[in-house]
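**Q** Submitted below is the structure of interest, expressed as structure tokens.
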Amino acid sequence: MANHSQFGFQDASSPIMEELVEFHDHALMVALAICSLVLYLLALMLMENLSSNTVDAQEVELVWTILPAIVLIMLALPSLQILYMMDEIDEPDLTLKAIGHQWYWSYEYTDFKDLSFDSYMLPTTDLPLGHFRLLEVDHRIVIPMESPIRIIVTADDVLHSWAVPSLGVKTDAIPGRLNQTSFITTRPGIFYGQCSEICGANHSFMPIVVESAPLAYFESWSSLLSS
């Protein structure tokens, strides 16, 4: 959960999000090195009179051609690795279908016969003490932690987007189309997200709450809800 005046990312709760945070820090360090080098060269040119031989040197042209190529490779390789990791879905333990509506989410546990529900945002008047305003829902998604989860996302009316920042998940919900993604939660907890597509007047009032719990708790919850 993000805090007030927070500048960084939320604490990563999935391997994909950990990789994204590491790549973000890596890209910032590369950008910092480039800015420092450019500022140093500008200051050097302003403070010293560089000769025409230095400015027109063949070695300088070679360096400023090869160096940007090396920098781009340093950014492209880890980026491509993360993209392939995000698209890889290998034998999930649980498949969950999320359907976006104006303005709530419907969920179907496709591995169970009768396990589906609608998830609405709790009004402020009904909010229990200690819960987050505009983020809490009446029915949370409960998943087993440390298990591969596949999310199939679609929409019933307009464009939506199923996003949970701490899990590194953001998938568009498009009417007539099924998009899928996957994640693994590394610890128990409650993770909050929201629709990240401008889907209408109440766009900001369809939150997402994912509760990661041990397998025994998930089994008891699923059997109670489906009975």
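**Q** Can you name the strands (runs of 3 or more DSSP E) wholly within the range 117-227 that have at least 3 residues being in contact with a Ser or Thr (Cβ under 7 Å, 6 or more places away or on another chain) and touching a residue at least 24 places away in the same chain (Cβ under 8 Å)?
**A** Of the strands (runs of 3 or more DSSP E) lying wholly inside the range 117-227, those with at least 3 residues that are in contact with a Ser or Thr (Cβ under 7 Å, 6 or more places away or on another chain) and touching a residue at least 24 places away in the same chain (Cβ under 8 Å) span 149-155, 160-164, 169-173, 179-183, 189-195.
**Q** Take the conditions at pLDDT 90 or above and open to solvent by 40 Å² or more (accessible area, probe 1.4 Å) and apply them to Lys113. Does it pass?
**A** So Lys113 fails the test.
**Q** Next question. Restricting to the range 107-116, what's the tally of residues that are of a type in the set (Phe, Trp, Tyr) and outside any strand (DSSP E or B)?
**A** Number of matching residues: 1.
**Q** Of the residues Ser212, Ser223, Ser147, only one is of a type in the set (S, T, N, Q) and buried (at least 16 other Cβ atoms within 10 Å of the Cβ); which? Full working, then the answer.
**A** Working: Ser223 fails: buried (at least 16 other Cβ atoms within 10 Å of the Cβ); Ser147 fails: buried (at least 16 other Cβ atoms within 10 Å of the Cβ).
Answer to the selection: Ser212.
The values are calculated or read from the model by the stated rules, or taken from the named source; none is laboratory data. These figures come from a predicted structure and were not determined experimentally. Note: ideal-geometry Cβ built from the backbone for every residue, glycine included; neighbour counts use all protein chains shown. What goes into the accessible areas is simple: the full protein's heavy atoms, side chains included, and nothing from ligands, DNA or RNA. Shrake-Rupley method; radii C 1.70, N 1.55, O 1.52, S 1.80 Å.
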